[in-house]
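Worksheet: the structure to be examined is printed underneath.
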Amino acid sequence: KDWLLITAQKDGKANTMTASWGGLGVIWGKNTATVYIRHSRFTKEFVDNAESFSICVMPEKYRKELNYCGTISGRDENKIEKCGFTVEKENDVPYFAEARLTLICKKLYAKELSEDGFIEKKYVDTFYSDKDWHVMYIAEIEKVLVE
């Protein structure tokens, strides 16, 4: 039920987006997080530009702010400032002091999902009728910060 904030930095500025798709596991002998970001999301430019990004698990009391971060683009306004979140940095990776748990993640792999990869074709029509595909990122969890 927890929502996440994926946050990265580009040209000294942080941007964030909500996420609910993803997972944790082990691949290539490393503890990893897998996240999915659509091409249309402004935060994707920040994640693509950076070597690392953060995944913040926010307390339930920030549900209103999380909804806001999921509906307003950082292209249009400074949503981090508007939410009142405090940006901290770990090795130049932005995260939020308000998070109850933060994963600092170094990108290892990125690949766009594509129609030909779907076994269950119904998901193409359900989630990608506009062809705004997700890019899957696999990242090594380098550090875990706990509230």
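Exactly one of (1) more than 15 Å from I6 (Cβ to Cβ); (2) modelled with pLDDT under 95 is unmet by G70. Its number?
Just one mismatch for G70, condition (1).
Looking only at strands (runs of 3 or more DSSP E) that fall completely inside the stretch 1-117, which ones have 1 or more residues that are touching a residue at least 24 places away in the same chain (Cβ under 8 Å), surrounded by fewer than 20 Cβ atoms within 10 Å (Cβ to Cβ) and among the hydroxyl-bearing types (S, T, Y)? Full working, then the answer.
Working: elements: 4-10, 13-19, 22-27, 30-38, 52-57, 87-90, 93-96, 101-112.
Those strands (runs of 3 or more DSSP E) span 13-19, 30-38, 101-112.
Going by the structure shown, is K111 over 26 Å from E147 (Cα atoms), touching a strand residue (DSSP E or B) at 6+ places or on another chain (Cβ under 6 Å) and at pLDDT 95 or above?
Details: over 26 Å from E147 (Cα atoms): yes; touching a strand residue (DSSP E or B) at 6+ places or on another chain (Cβ under 6 Å): yes; at pLDDT 95 or above: yes.
For K111, the condition - over 26 Å from E147 (Cα atoms), touching a strand residue (DSSP E or B) at 6+ places or on another chain (Cβ under 6 Å) and at pLDDT 95 or above - is met.
Just to be sure, is E120 open to solvent by 50 Å² or more (accessible area, probe 1.4 Å), farther than 17 Å from N15 by Cβ and outside any strand (DSSP E or B)? Spell out how you get there, then give the answer.
On the way: open to solvent by 50 Å² or more (accessible area, probe 1.4 Å): yes; farther than 17 Å from N15 by Cβ: yes; outside any strand (DSSP E or B): yes.
Here the answer is yes, as E120 does meet what is asked.
What about S54, is it among the polar types (S, T, N, Q) and modelled with pLDDT under 95?
no
Within the stretch 132-145, does at least one residue satisfy the condition of being loosely packed, with under 11 Cβ neighbours inside 10 Å and within 21 Å of S40 (Cβ to Cβ)?
Checked the stretch 132-145: no residue is loosely packed, with under 11 Cβ neighbours inside 10 Å and within 21 Å of S40 (Cβ to Cβ).
Taking only the stretch 1-38 into account, find how many residues are more than 12 Å from the chain's Cα centre (by Cα) and either under 14 Å from G70 (Cα atoms) or of a type in the set (S, T, Y) (or both).
Residues meeting the conditions: 2.
Looking at the stretch 10-35 only, could you name the residues that are under 23 Å from E98 (Cβ atoms) and touching a Ser or Thr at 6+ places or on another chain (Cβ under 8 Å)?
Here is the first cut: in the stretch 10-35, the residues under 23 Å from E98 (Cβ atoms) are 10, 12-22, 24, 33, 35.
Within the stretch 10-35, A14, N15, T16, M17, G22, L24 meet the criteria.
The values are calculated or read from the model by the stated rules, or taken from the named source; none is laboratory data. These numbers were taken from a predicted model, which means no experiment stands behind them. Cβ coordinates were reconstructed from backbone atoms using ideal geometry, including for glycine residues, and neighbour counts include every protein chain displayed. When the accessible area is computed, the model is the full protein with side chains, heavy atoms only, and any ligands, DNA or RNA have been set aside. Shrake-Rupley method; radii C 1.70, N 1.55, O 1.52, S 1.80 Å.
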